[in-house]
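Everything below concerns the one structure shown next.
Each reported figure results from applying straightforward, stated rules to the coordinates on display, with no laboratory input. On a predicted model such as this, the values are computed, not experimentally measured, just so you know. Note: ideal-geometry Cβ built from the backbone for every residue, glycine included; neighbour counts use all protein chains shown.
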Amino acid sequence: MSENTKIEWCDHTFNPWEGCQKVGPGCDNCYAEARNARFAGGTAINWGPGAPRRRTSETNWNLPTRWNAQAFYECLSCGWRGCEKDSKVSEHGHDYPHRHCPNCRTTESLSSARARVFCASLADSTMPSTRNGAPTSSRSSTPRPTWIGCC
């Protein structure tokens with residue numbers, strides 16, 4: 001759902017499906033239910049006991065594979081985190097570790113890192129993770145990112 005996220009403790013979000021059982025009073029002000037209602041014309045059709053889940057697009061399901069293939073870096077000077085395409089190759093055309101941090105422009109403090117992926121922020125964990133009817137595990141097929149959540 002999001003190649004890059006504004007959630008400060010993760011780098012990407014991945015939502016294989018949307019919907020939830022809405023199990024208790026802690027669910028009364030759920031941001032995911034409000035988002036679902038906003039995009040469904042005012043009614044959260046994927047929320048509540050027995051409500052159907054909405055599987056996200058094939059393009060979305062391919063995001064973890066793409067993230068797994070990208071080199072990911074962290075700047076130890078300023079805390080910037082990002083993938084290879086976000087850091088700049090130095091004037092000399094050298095590859096990492098001679099890349100510039102896009103935030104503080106240093107080259108000395110870039111380090112390889114694992115992207116942090118927040119999984120299923122728009123759903124509960126009651127739906128099996130399947131793709132085209134076949135079971136799949138985003139975690140096992142994409143080991144480079146650190147997965148946070150229930151995928």
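Below is a table of values for the structure above.
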| quantity | calculated |
| --- | --- |
| Residue order, fewest to most surrounding Cβ atoms within 10 angstrom, among Trp9, Trp67 | Trp9, Trp67 |
| Amide H contacts under 5 Å for Trp17, placed H, 5+ residues apart | Thr56 |
| Taking Val23, Val117 and counting other C-beta atoms within 10 Å, the order from fewest to most | Val23, Val117 |
| Counted charge near Asn15, where neighbours are those whose Cβ lies closer than 11 Å (Asp, Glu -1; Lys, Arg +1) | +3 |
| Residue-count net charge about Asn29 - beta-carbon cut-off 15 Å; Lys, Arg +1, Asp, Glu -1 | +1 |
| Placed amide H near Ala51: partners under 5 Å, 5+ positions off or other chain | none |
| Computed FRET value (nearest 0.05) for Cys27 with Lys6, which takes r as the C-beta separation and R₀ as 30 Å | 0.85 |
